[in-house]
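Structure first, then comments.
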Amino acid sequence: MSQSQKPPARRNSLWWDALRHLRRQPLAMVSLGVILFYVGLALLCSAGVIFTDYALVDHNRPYQEPSWENWLGTDIFGRDVLARAAHGSITSLSVGFVGTGLALVIGTLLGALAGYFGGRTDDLVVWFYTTVDTIPYILLVVSLAFIMGPSLQTLYLAIGLTFWVSHCRIVRAEFLKHRERDYVQGALAVGASHWRRIFIHILPNIFHLILINFSLVFVTAVKSEVILSFLGLGVEPGVPSWGMMINDARLELPRGVWWGLAAATGFMFFLILAFNLFNDALREALDPKRSRV
Amino acid sequence: MSSDSLIEIKNLSVEFQTDDGQVKAVKNISFSIPRGKTMGLVGESGSGKSVSSLAIMRLIPNPPGKITSGEILFDGQDLLKLSEPQMRKIRGNRISMIFQEPMTSLNPVFTIGDQICETLMLHRGMDKKAALAKVVELLDQVGIPNPAQRVNSYPHEMSGGQRQRVMIAMAIACEPDLLIADEPTTALDVTIQKQILELLAKLQKEYNMSVLFITHDLGVIADIADQVVVMYRGDIVEQGRTLDIFQQPQHPYTKGLLACRPSLDKNPLRLPTVSDFMTEEGKEKNFDVESIKQVKASRPVQEEKNPVLLEVFELEKHFPTKKGIFGNVQEWLKAVDNVSFKVRKGRTLGLVGESGCGKTTLGRSLLRLIEPTAGQVLYNGTDVTSLDRKAMRQMRRKMQIIFQDPYASLNPRMTVGSAIMEPMIIHGIGESKDERMEKAGELMDKVGLSRIMLNRYPHEFSGGQRQRICIARALAVSPEFIVCDESVSALDVSIQAQILNLLLDLQEELDLTYIFISHDLAVVKFISDEVAVMYGGKILEMNDALGIYENPQHDYTKKLLSAIPKGL
């Protein structure tokens, strides 16, 4: 048989269309480039290819000013600040990806069940997320950190278990809307199961929202990691983290040592900015109301 | 210019910039609107009729739209050369407009009085008190009961027909020279449509206005317009006096458009389509008009060939409308109220009624897309309402539904092929993916589409094509019984004729049984063997198709029939 002799010259689906739109936005492409640069940096650092000397202590060279040898100077232990900052991206990105991923999985699942089934299930989920929402996340994180001790895993859990609420609300609302749509009714009419209607029919139709939420929650997660590490609730001491570097800067700044702070905030600034700009472009590209006559 | 024309449009072209380049929405058209007459502008979706009217108001969104050439002479003055402040003095004052959707064209947070006052104060410089007095007078004129009290109503407190009356009151507030009515009755029920058309005709005479009446419905045009302009793909194909166009259409497109519309006084075996009269390029085809004059004989029931397939017994569906503080229901809406009927195999039952009469709820309750509150649906003797989930899934192989809006009823994220194969996967039809693909291809052939299209997404298809895809999907499980829920209402007339013919062919070929739900009596008459008229959740009257139109028993049926525009 000959069902697909010639695939259409121009792929026409929402995703391809969005991709085409994104590729025409220079700012979006630059932002994506920056994000990929960070990902690449983190991967190379953790693979031990570059900046391998991040933990190399040299007590003879504390607080060296930026020079050709140490582009961003050294810290109190004589460690290279640039290498520390680069390694900090591992912490930030892993917290960003794992924490956000966890939050989105929880939020999507609960939101989908609540919105799709309605009734008692909905009542229960709504009760649950409003309850979680009333606990300030710092408190939750502090208690988690006390129980588990400061570590990356604590950060993953803390962010994953608190940041799902707003996402859950959005997914629930979308499911409420979509379950009444004709295409879902049509799926019921051909005998599709609940599972099929939720995951094969509705979920792909709201996936763009999940993607947009991902980049929003990601930014908040990265910032939270910095804040928590600054408060001493994040990663264990010794692990490079931008929050730790900013924390150290409290003691360094009075001595005129500005480069530690500059490196950490600079690294954070460009990552967050790139993510925010990319998120804006992504939202526009995936907006069904954007005219694509 | 001749003094009997209020507006003269000369060589108007409008283009839109899209992702795919320039699209010419209106191509070099010229026509004029005489003073004190009603001009009908007819065309199907995408013909450029609304764009032309927006061009007169200078309301084309720019970008992406642009008027690339032409003149619009209004009383000798070229509207396209006016400055924006000058144009604002004309808009709403000398030229005003009413839209299709009275729900969205009124601002929900202001009372209707305030909204009409605004126009009067703006253009006529009236003070609030004088304006309000005028508003009461206007509301009275457009037939709103108790106008002195209703000025303080909010839009949501009024029905669709009343809202359209308010829109009309707003449009005529400044006694415009030209009223542009863009599909003003399309969203309304036929009985309401009739009232609004009568109102517009009355006001047109009283104010001696010119009216530009835009519609896709030829029946409406014949009732209201003195002259007609027919548009097709951005071009004017024909213009002239209404009577001439209807009796002696010259252009093949007009001929096709007139012929493909089901009507109450004709009873053809098949509907002709525009493509019978015209080639893709717009050339005339030799079409034997006699071949469509073949009259459909009413099909008598044969007991052995048409056994009772579906028997509905005292079916009810109630929705709670008011709940107490403890969640106990205090008021119910009886959407389907004690309905009983039978459908025989291989035949079609038409279900007509106006919006809110419960016809859709009834159709969906039969398939348990909505769980009925009480009653029985016996399918071949099995009570569908009491089946468990597994048995119900098996039952869904036999009973299918085709929805109204082909844009909403296909999952936009699924290729057409996956959509058609999905029911086969669910019911274990076909051994392998290739086998199912082959069957999907056959179904595409059957509904008149190419199987090469299987790996495309729904938005790449036109409305008519999508409805064909929905039909193919419904047929994928080889059902015996199909509920068509307003399945052709969202389509243009020429496409509607094709889909109706397709449904008839499929019934013949596959011995299908249909319940055909529609608000359009002519369509129902064309396709049905029996017709049931619904009102307020009840079936008022049921008879064979010819009988109900020739000899209606119930007052409501008579009212419904008399409200249909005759179309000459």
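The values are calculated or read from the model by the stated rules, or taken from the named source; none is laboratory data. Small disclaimer: the values here were computed from a predicted structure and weren't measured. Quick reminder, even Gly has a Cβ in these numbers, built from the backbone with ideal geometry, and neighbours come from all protein chains shown. For accessibility, only protein heavy atoms count, side chains too; no ligands or nucleic acids. Shrake-Rupley method; radii C 1.70, N 1.55, O 1.52, S 1.80 Å.
Summary of computed values
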| quantity | calculated |
| --- | --- |
| Entirely in region B:192-275, the strands (runs of 3 or more DSSP E) that have 1 or more residues that are open to solvent by less than 10 Å² (accessible area, probe 1.4 Å) and among the hydroxyl-bearing types (Ser, Thr, Tyr) | B:210-215 |
| Residue in region B:106-128 that is in contact with a Ser or Thr (Cβ under 9 Å, 6 or more places away or on another chain) and open to solvent by 60 Å² or more (accessible area, probe 1.4 Å) present | no |
| Breaking point among (1) part of a helix (DSSP H, G or I); (2) modelled with pLDDT under 90; (3) open to solvent by 30 Å² or more (accessible area, probe 1.4 Å), for residue A:159 | (3) |
| Residues within region B:26-56 that are within 14 Å of chain A (Cβ to nearest Cβ) and either modelled with pLDDT of 90 or more or farther than 21 Å from residue B:252 by Cα (or both), tallied | 1 |
| Breaking point among (1) away from every other protein chain (no Cβ under 11 Å); (2) in a helix (DSSP H, G or I), for residue B:452 | (1) |
| Qualifying residue in region A:263-283 (condition: more than 26 Å from residue A:26 (Cα to Cα), more than 14 Å from every other protein chain (Cβ to nearest Cβ) and within 23 Å of the chain's Cα centre (by Cα)) | yes |
| Qualifying residue in region A:170-189 (condition: surrounded by fewer than 19 Cβ atoms within 10 Å (Cβ to Cβ), at pLDDT 90 or above and of a type in the set (Ser, Thr, Tyr)) | no |
| Members of region B:341-386 that are in contact with a helix residue (DSSP H, G or I) (Cβ under 8 Å, 6 or more places away or on another chain), under 22 Å from residue B:503 (Cα atoms) and within 14 Å of chain A (Cβ to nearest Cβ) | B:364, B:366, B:367 |
| Positions within region B:400-414 being open to solvent by less than 10 Å² (accessible area, probe 1.4 Å) and more than 7 Å from chain A (Cβ to nearest Cβ), in sequence order | B:402, B:406 |
| Failed criterion for residue B:372 (all others in (1) more than 26 Å from residue B:543 (Cβ to Cβ); (2) in contact (Cβ under 8 Å) with a residue 40 or more places away in the chain; (3) not aliphatic (A, V, I, L, M) hold) | (1) |
| For residue B:389: the one exception among (1) away from chain A (no Cβ under 11 Å); (2) basic (Lys, Arg); (3) over 33 Å from the mean Cα position of the chain (by Cα) | (1) |
| Residues within region A:46-72 that are out of contact with any strand residue (DSSP E or B) (no Cβ under 8 Å at 6 or more places or on another chain) and not hydrophobic (A, V, I, L, M, F, W, C), tallied | 9 |
| Selected residue (only one of B:436, B:364, B:396, B:389 is without any contact (Cβ under 8 Å) to a residue 12 or more places away in the chain and not acidic (Asp, Glu)) | B:389 |
| Candidate set: region A:230-266, residues that are aromatic (Phe, Trp, Tyr) and under 16 Å from residue A:54 (Cα atoms); chosen: the one surrounded by the fewest Cβ atoms within 10 Å (Cβ to Cβ) | A:259 |
| 3 or more residues free of Cβ contacts under 8 Å to residues at least 60 places away in the same chain and within 14 Å of chain B (Cβ to nearest Cβ): qualifying helices (runs of 4 or more DSSP H) within region A:170-260 | A:182-189, A:203-230 |
| Residue A:145 buried (at least 18 other Cβ atoms within 10 Å of the Cβ), within 12 Å of another protein chain (Cβ to nearest Cβ) and in contact with a helix residue (DSSP H, G or I) (Cβ under 7 Å, 6 or more places away or on another chain) | no |
| Filter result (acidic (Asp, Glu) and in a strand (DSSP E or B)) within region B:276-291 | B:284 |
| Qualifying positions in region B:426-443 - surrounded by 16 or more Cβ atoms within 10 Å (Cβ to Cβ), within 9 Å of another protein chain (Cβ to nearest Cβ) and not small (Gly, Ala, Ser) | B:426, B:427, B:437 |
| Among (1) part of a loop (DSSP other than H, G, I, E, B); (2) under 29 Å from residue B:194 (Cβ atoms), the one test that residue B:335 misses | (1) |
| Pick from region B:174-202, criterion of a type in the set (A, V, I, L, M, F, W, C) and touching a strand residue (DSSP E or B) at 6+ places or on another chain (Cβ under 8 Å), ranking: nearest to residue B:44 (Cα to Cα) | B:181 |
| Failed item in (1) in contact with a Ser or Thr (Cβ under 7 Å, 6 or more places away or on another chain); (2) within 11 Å of chain A (Cβ to nearest Cβ); (3) more than 16 Å from residue A:183 (Cβ to Cβ), with residue B:492 passing the rest | (2) |
